Each structure stands twice: as C-alpha cells, then as structure tokens.
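What follows draws every value from the coordinates through simple rules; no lab data is involved. These figures come from a predicted structure and were not determined experimentally. Backbone-built Cβ (ideal geometry, glycine too); neighbour counts: all protein chains shown.
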Amino acid sequence: MERELQELIRSYLNKSLDPSEEKAFEKALEEDPVLQEEVTVLSNLQVVIKEQERLLLKSRLQDLEQQKSQRKPLMVLLIAAFILVIALLSTVVFWQEEVTPQELYTTYFDVYPNNLRPTATGDISEETQPFSEYELGNYDAAANGFLVLMENGVQPDLQFYYTMSILNTGKSDDEAIMQLVSLENSNTKYLPQVLWYSSLLYLKNKQLDSARTQLIKLLNHPALYKNREAEQLLDKLD
Amino acid sequence: MNVLGCFFYTENPKAFLKLRNFIYISRTNKKLMLNRLFQSPGKQYSALNGLYRTYKKPFLTETEDVRLNRDILLDIYQDSVVATYQTYGTERIKKKNPDLKSFLFGVCWGKIEEKIGNTSVAKKTTVPYKIIKLEDTVLSPEQKQLEKHFIALSENVQQIFKLYYYEHLSNPQIVAQTSNTDVKTVESLRKRGLKRLLSQIKK
C-alpha cells in the first residue's frame, strides 16, 4: 500500500494523473496535512534537484568553453613555433645556397696533376725540371721553367701546364685567363681541363655568365672530365 | 500505512485499484522515463555538448548585431542550452529535430530581450522564432533549507531521490543504475531518507 501511495505521489508531482484523479488527490491533500507536507517537500525537492542539475550542466558548458579558450593560445604557440622552425630551416637553406663564387671556387678547385711528364722515375732533365717543380708545388719555378721550354715555340700542352702553374700561384688571374682563352682555341688535348679551370677562374672573379658558358661547353664536350662537378656548379649558379 | 492509501482503499476500493492500475499501465511519463533511462553521465554530457556545439556558431552569427558582448551572449546561450536539455532530455536532443532549434533559439531570444529590453533587440531582420521566456529559478528559503538537508544525505540516497522523483525511474531501474543490490534496499533507503528530510525540516 505504501508503495502504491508513493507511486501516486510521484505521478501527481509528475503531472501524469488525469483530471479526475488529480482532483481526488488534491482533495485528499487538503484533508491530510501529513501527506500535504510530504508532497510539498517532494515538490520542493524536485525544484532543488533540477536547480542542482542546471548549475552542474552550466558549469560543464563553461568548462567546455574555458578548455577551448585555453586550447587557443596553445594552438597559437604551436603555429608560431611551426612558423619559426620553417623560418629557421629556410634561413639555413638560404645560407647554404648563398655560397659566394669565391667559396665555390675554393670548394671545387684542385691542382691539376702532372700527367704529361711524370717525374717519378727520378730522371730529371731540362725538359722535366719544370714538371718536377710543379709536382713539388714550386709553381713560380715551374712557370719559369715552362716559359724556357717554350722559347723555341709554344706547345699547347706545355702552355697548359704553364697556365696551371700561374693559376696555382694565385698571383695573376688575368694572365691565367688570357692563357686559357688562348688554349681553348688551340689543339691541346687538355681542352676539357681548360674549360673547367677557365670556368673556375671566371667564378673566382665573379664573371658568372662566362663561368656558366664554360661549364656548358665542358658538358657538351665528348670527354666526361668533371661533368658531375660541372652539373653541380651549374645548379648552384642557377 | 499512509492515511490517503487507507482512505482510498476503504472508501472506494475499485477506484483505488483503478488508480493503481493506471499508474502501472498508463505511463504517460514513459517517454520522459525512456529519455533518461540508462543514461550514463558520459552519454548525458555527450548529448549536452553536442547540442551546445551544433548551434553555437549559428547563434553567434545570428546575434552579431545585438548590442551585447560575446561573453554575455555565450552566457545566455549556455543557460538556454541547459534549459533546452532539461526540457527535452537526451534522446530527443540527439535527433536534432527542428522544434529543438526553435525552442533553443526562442529561449535565447527571450533571454536577450530580458537583458536589453523589448525594443532594443537590434536585429536587421525579425526574429524568426517564437520568443520563449523562461523564468529563472530562484530557490525559496524553504527550498534552500531543504537543499542543505538534502546535501547532507549520503550520495547514494541523493542519487536514489534524483532517479526516483526527478528522473522518474522505477525501483528496478534504479537498482540497475546504482550500486544498490535490490529493490528492497532502494525502497528502504528512500523511505528512511524521506523520513529524515521531513524530521529535519520540522526542527
């Protein structure tokens, strides 16, 4: 019976009684102060619970909004960090790419070896002396020796080593360029080397277009001498 | 045994039985019960968050001409979402029916009007919703007193009260949703809790 009464109270509070039942219940309420008090308390309790739920749900939504606004600065920081990293990487790449022609020259230049008259046999003669000096790194002496050898007539291959000697001293780039231009029109077997070293010299003197032209000529030459390096240099010059 | 129960049974047993059957069979509150049935807190919050997120941007867009700052508008929107949630329940919210949006925006505009006055609703076009004005709940002194006593009850008993009188669940459903093992325990706890509330209020 008690259980049924509780269900009845709940149905009344829930407004699910039909009008006649509701009327009968209200009449009973009027006649029973104990029941009236119980129903009043339970009715108030519904309001209290609803209000508690409202506050809880509201704070839930406020938390949701707060979390979102807290995430925003984090997102901004992440984006800023990302942009910074990209900027740093770009700078590094930029500086890597922004190598000066002089640095390129230093990177790619190496002394051309003596393969015309190797002196390893120890047979030193007037003809081989400049080559010996060349191998020893005495390029001034080597240049003078080559000049002596060419007193009776210019021999393109000797002229090449003379030019290399001047080039290796680093004292007279103009003279070296002039000699290389001259050699380019000769019948030297060192034409690919002439093209390569002339491109490097132009590079050293910041004559980039001339350097490019020489490199292209080198790549078009049937010999494969320094082709890989020539391609790399052309890429960097572009 | 309650006086009303005795009165009904002795005066008109047929009417009493009819009424009891009505309670068990009719269930006009069935929909509401089902709405809140088997709702874990996670599911409840998910429905609430879903409702909040779905209409937040449309609401802020619609109210961009209103002379209220964003924080106040958000506060209004939050109150309106909670009111809608408490009116409709989780399942109906999930269906996102047009009535739901009309109700929510009607409540929103009602609250905006309360804030800035009827004539000041700065909207380029007319409000396309029937404005709904819901009164804010302000607890009476008695209700505040009751709240104190209610909070003093154990969490388990509070939960039983909430599920029984607010969520309208049956005792077996309450058993299924709480840590209580059987219907008798639930009934006993509710009965004792109610007795305690009544006695404390009388003090």
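Between A:Asn187 and A:Val99, what's the calculated FRET efficiency when r is the beta-carbon distance and R0 is 30 Å? Round to 0.05.
0.25
Given 0.36 nm per residue, what is the gain on full extension from A:Ala223 to A:Ile83 after removing their alpha carbon distance, in nm?
Stretched out fully, the A:Ala223 to A:Ile83 stretch lengthens by 45.7 nm.
Can you work out the Karplus-derived ³J(HN,Hα) for every residue in segment B:109-114? Use 6.51 cos²θ - 1.76 cosθ + 1.60 with θ = phi - 60°, whole Hz, and x for glycine or proline.
Once θ is set to phi - 60°, the couplings for segment B:109-114 become 5, x, 6, 5, 4, 4 Hz.
How shielded is B:163-170 by partner chains, expressed as the average number of their Cβ atoms within 10 Å of its Cβ atoms?
Neighbouring Cβ atoms belonging to other protein chains average 4 per residue here.
From Cα pairs below 8 angstrom and at least 6 apart in sequence, can you work out the relative contact order of chain A, rounded to a whole percent?
Taking the mean separation of contacting Cα pairs over the length of chain A, I get 12 percent.
Starting from the 7 Å offset along Cα-to-Cβ, what nm value, one decimal, do you get for the label separation of A:Val34 and A:Gln70?
The answer from the label model is 5.3 nm.
What's the average, rounded to a whole number, of partner chain beta-carbon atoms within 10 Å of each residue's beta-carbon in B:51-59?
1
Would you look at the GNM of chain A, springs on alpha carbons closer than 10 Å, and say which of A:Leu74, A:Leu158, A:Leu29 moves the most?
Highest fluctuation of the listed residues: A:Leu29.
Just counting partner chain Cβ atoms within 10 Å, what average do the residues of peptide A:50-58 show around their Cβ?
6
Work out how much length A:Arg3 to A:Asp238 would gain on full extension: take 0.36 nm times their residue separation and subtract the Cα-Cα distance, in nm to one decimal.
75.3 nm
What spacing in nm lies between the two simple spin-label points modelled at B:Lys202 and B:Leu68, each 7 Å away from Cα in the Cβ direction?
4.6
Ordered by residue, what ³J(HN,Hα) values in Hz, to whole numbers, does segment A:50-56 give under the Karplus form 6.51 cos²θ - 1.76 cosθ + 1.60, where θ = phi - 60° and Gly and Pro are x?
4, 5, 4, 5, 4, 5, 5
Sorted by average packing, counted as other Cβ atoms within 10 angstrom per residue and highest first, what order do A:75-85, B:184-194 take?
B:184-194, A:75-85
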